[in-house]
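First the structure, in the form of structure tokens, and then the observations on it.
The values are calculated or read from the model by the stated rules, or taken from the named source; none is laboratory data. Given the structure is predicted, the values throughout are model-derived calculations rather than measurements. Because the Cβ atoms are built from the backbone with ideal geometry, glycine has one as well, and the counts that use them run over all protein chains shown.
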Amino acid sequence: MIQRMDPYMLPEIQAELARTNNTVTEYFAAIPVDVFFEHPPQVWSPAENLGHLSKSVRAATLGLRVPQAVSGLIWGAAAASRRYPQLIAEYKDKLETGAQSPPEFVAEMDMPTGDLAAAKQAVLQRWQQSAAKLESALAGWKDEDLDKARLPHPVLGKLTVRELVFFTLYHNLHHVNDVRVLLGEKAQEA
């Protein structure tokens, strides 16, 4: 179930990240293999959505592994973090005005030849590995440090680490909902 959230402290963020990652895994794992790689023209398949999430989460993980001092030198000193609802409202505004995923985050996949179940499992495993690495990287941070470092985001500009994880929480569920709509289901986003 996708619910309205407003985590702020690190333990809350970690709990939401684990819950959200589990939601993504369970949802995509339940998609029938014959549907997983199919899509109408100009729309990402479920597999491509999950591949996109893997790429996005890997980028966030790399950002979390940049030492704070280096982050400040490269992207400047951080300002106060926005709350989750404010950041997500700004992201939704950007989407409504035409913001799109940069090419390096697009995961185009053709229908695999051979064993579709094995191909689906490989996409799911890449996602699970990416999600686990992000959770592990976040565990290396202290709550007070989440607002001290900034990282670049291709649509939202420079974000604090706290904001980057907020974005990741929303973004993962956003793509679950994209696939729900693609498959004729009702979106559950609040």
Quiz item: Among the numbered criteria (1) surrounded by 15 or more Cβ atoms within 10 Å (Cβ to Cβ); (2) farther than 23 Å from HIS39 by Cα; (3) over 17 Å from the mean Cα position of the chain (by Cα), which single criterion is violated by LEU116?
Solution: (2)
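State whether the residues of segment 147-155 include one that is without any contact (Cβ under 8 Å) to a residue 60 or more places away in the chain, under 25 Å from PRO85 (Cα atoms), in contact with a strand residue (DSSP E or B) (Cβ under 9 Å, 6 or more places away or on another chain) and not in a helix (DSSP H, G or I).
Scanning segment 147-155, I find at least one residue that is without any contact (Cβ under 8 Å) to a residue 60 or more places away in the chain, under 25 Å from PRO85 (Cα atoms), in contact with a strand residue (DSSP E or B) (Cβ under 9 Å, 6 or more places away or on another chain) and not in a helix (DSSP H, G or I), so the answer is yes.
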Quiz item: How many residues are modelled with pLDDT under 95 and either within 18 Å of LEU53 (Cβ to Cβ) or within 15 Å of the chain's Cα centre (by Cα) (or both) when one looks only at segment 4-14?
Solution: 1
Quiz item: Does at least one position in segment 160-182 carry a residue that is surrounded by 15 or more Cβ atoms within 10 Å (Cβ to Cβ), at negative phi and not in a helix (DSSP H, G or I)?
Solution: yes
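Matching residues to (1) at pLDDT 95 or above; (2) in contact with a Phe, Trp or Tyr (Cβ under 8 Å, 6 or more places away or on another chain):
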residue	(1), (2)
LYS55	yes, yes
GLN68	no, no
TRP75	no, no
ALA80	no, no
ARG83	no, yes
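Within segment 100-125, can you find the residues that are outside any loop (DSSP other than H, G, I, E, B) and either in contact with a Lys or Arg (Cβ under 9 Å, 6 or more places away or on another chain) or farther than 17 Å from LEU50 by Cβ (or both)? Give the derivation first.
Let us first name the residues in segment 100-125 that are outside any loop (DSSP other than H, G, I, E, B), namely 103-105, 116-125.
Listed by number, the residues that qualify are PRO103, GLU104, PHE105.
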Quiz item: Before we move on, is ALA80 surrounded by fewer than 21 Cβ atoms within 10 Å (Cβ to Cβ), closer than 16 Å to ASP147 by Cα and hydrophobic (A, V, I, L, M, F, W, C)?
Solution: yes
Self-check item: Scan of segment 52-71 for residues that are surrounded by 15 or more Cβ atoms within 10 Å (Cβ to Cβ) and of a type in the set (Gly, Ala, Ser), ordered by number
Solution: SER54, SER56, ALA59, ALA60, GLY63, SER71
